[in-house]
1. If you scan segment 87-143, which residues turn out to be surrounded by fewer than 16 Cβ atoms within 10 Å (Cβ to Cβ), within 27 Å of residue 74 (Cβ to Cβ), touching a strand residue (DSSP E or B) at 6+ places or on another chain (Cβ under 7 Å) and without any contact (Cβ under 8 Å) to a residue 60 or more places away in the chain?
2. Look at residue 44 and say whether it is touching a residue at least 40 places away in the same chain (Cβ under 8 Å), in contact with a strand residue (DSSP E or B) (Cβ under 9 Å, 6 or more places away or on another chain) and assigned to a loop (DSSP other than H, G, I, E, B).
3. Just a yes or no: is a residue in segment 12-33 over 14 Å from residue 83 (Cα atoms), at pLDDT below 90 and in contact with a strand residue (DSSP E or B) (Cβ under 8 Å, 6 or more places away or on another chain)?
4. Out of segment 47-74, which residues are surrounded by fewer than 17 Cβ atoms within 10 Å (Cβ to Cβ) and either out of contact with any strand residue (DSSP E or B) (no Cβ under 7 Å at 6 or more places or on another chain) or not in a loop (DSSP other than H, G, I, E, B) (or both)?
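The values are calculated or read from the model by the stated rules, or taken from the named source; none is laboratory data. Model, not experiment: these values are computed from the prediction. Because the Cβ atoms are built from the backbone with ideal geometry, glycine has one as well, and the counts that use them run over all protein chains shown.
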């Protein structure tokens, strides 16, 4: 699949999560944010780290949890939130240990059947001798999870406006 893969040569944002190298197509990346303060509803699932104020209410999802890489550690000082589109019906932030930068992979390879990182990865990529997984943001949540995330986000927006104070 090396040269024949339709996205071979396409730019990717490389990031690390739980010691693994992952990447998202650059076209899916809307913004790379530093770690922001998050607030989390007590009833939120483990995959929802919380909400950040980033030009509006941004739901932030745990890459570790969604990719099946274990429980979320306390975010490191240099963690990043990668804002992507098309997670469920709207934008979301993906909490990664570190966004490493944009790369053009030297190769893209098919995945082994059991190596899809919880069904979210679409291919393996190689860059600078390192091998990582290409993640499709559209695969991070199923339809029911996307609806639940939309409901949590609507409630977060409602609560935020309830506490607004005129200056």
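1. Once the filter is applied, which keeps residues that are surrounded by fewer than 16 Cβ atoms within 10 Å (Cβ to Cβ), within 27 Å of residue 74 (Cβ to Cβ), touching a strand residue (DSSP E or B) at 6+ places or on another chain (Cβ under 7 Å) and without any contact (Cβ under 8 Å) to a residue 60 or more places away in the chain, segment 87-143 yields nothing.
2. Against the criterion (touching a residue at least 40 places away in the same chain (Cβ under 8 Å), in contact with a strand residue (DSSP E or B) (Cβ under 9 Å, 6 or more places away or on another chain) and assigned to a loop (DSSP other than H, G, I, E, B)), residue 44 qualifies.
3. No, segment 12-33 has no match at all.
4. Those that are surrounded by fewer than 17 Cβ atoms within 10 Å (Cβ to Cβ) and either out of contact with any strand residue (DSSP E or B) (no Cβ under 7 Å at 6 or more places or on another chain) or not in a loop (DSSP other than H, G, I, E, B) (or both): 53, 55, 56, 68, 70, 71, 73, 74.
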